[in-house]
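Here is the structure we will look at.
Please treat every number below as a calculation from the coordinates, not as lab data. Note that the coordinates shown come from a computational prediction; the quantities given were computed from them, not determined experimentally. Note that each Cβ is placed from the backbone with ideal geometry, even for glycine, and that neighbours are counted across all protein chains shown.
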Amino acid sequence: MNAMQDELNQFERSLVWHLVPRTKHISVIGTKWVFRNKLDKDGTVTKNKARLVVQGYSQEEGIDYDETFAPDSRLEAIRFLIAFTAYMEFTLHQMDVKSTFFNGYLKEEVFVKQPPRFESKECPDHV
């Protein structure tokens, strides 16, 4: 529960969404929780993580969206970065980012259901 609450607190701090009344003419995407345990080198659970994700499989191409974009990093790019850093004798630092959001504006409005087990008591039917 603490991991889920931490995730929602990140959303609130980043002003990612706000609740609005649900109307019949809008398409609403479901949400679900994905859980993961972080382990130490001995295999002992050190932290529980929870991520709220949308159920994109409920959308239809051409109706709900026109294009997709999934940023990722290729292993070759990471190898190149490490090799170049070593060659130039730079110092490379690792950073653990708890939560990231793309800095971009959507042209469309996207409506998602409230997170399971965290629905607003004042506005349970809002999205």
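Here are some notes:
- Full-stretch length increase - A83, L15 - with 0.36 nm per residue and alpha-carbon distance subtracted: 20.6 nm
- Protection proxy ranking, peptides 44-52, 73-81, 23-31, average beta carbon neighbours within 10 Å, highest first: 44-52, 23-31, 73-81
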